[in-house]
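Before any comments, here is the structure.
Coordinate-derived values only; no laboratory data. Quantities reported herein were computed from a predicted structural model and do not represent experimental measurements. Backbone-built Cβ (ideal geometry, glycine too); neighbour counts: all protein chains shown.
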Ligand code: HEC
């Protein structure tokens, strides 16, 4: 029984990680604006978890060319459900924060 629960949890985590890849990573890789360096641009600029997530949330839901950290590209109107975005930002943060700390 415990093994079943453990497997279910692992499955759930993988499915969540996959969400970032499917909803965001595929396009970002295709247009050569990979998520990892983008994350560090935000981290350098906003430092804290709250700052990074807040700035990304704001920029994706209400894009503003003045605030964009991506230079030389036309602002892209991300179409993402705010609730789903919360989950995705959590996955995004968890994926790269550790590397951020030891830098
Ligand atoms: C269909 C393509 C596409 C998808 C899907 C996509 N993006 Fe983007 N994203 C872009 C483009 C193009 C830019 C650069 C233009 C801009 O900054 O608006 C960008 C910029 C960004 C930026 C930088 C914003 C700025 O201007 O500072 C962040 C952060 C970001 N995307 C996160 C995400 C996340 C998280 C997801 C998944 C919910 C996602 N993107 C899905 C195309 C996409």
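With the simple model of a label 7 Å out from the Cα in the direction of the Cβ, residue 94 to residue 35 spans 1.2 nm. Normalising the average separation of contacting C-alpha pairs (under 8 angstrom, six or more residues apart) by the number of residues puts the relative contact order of segment 2-102 at 29 percent.
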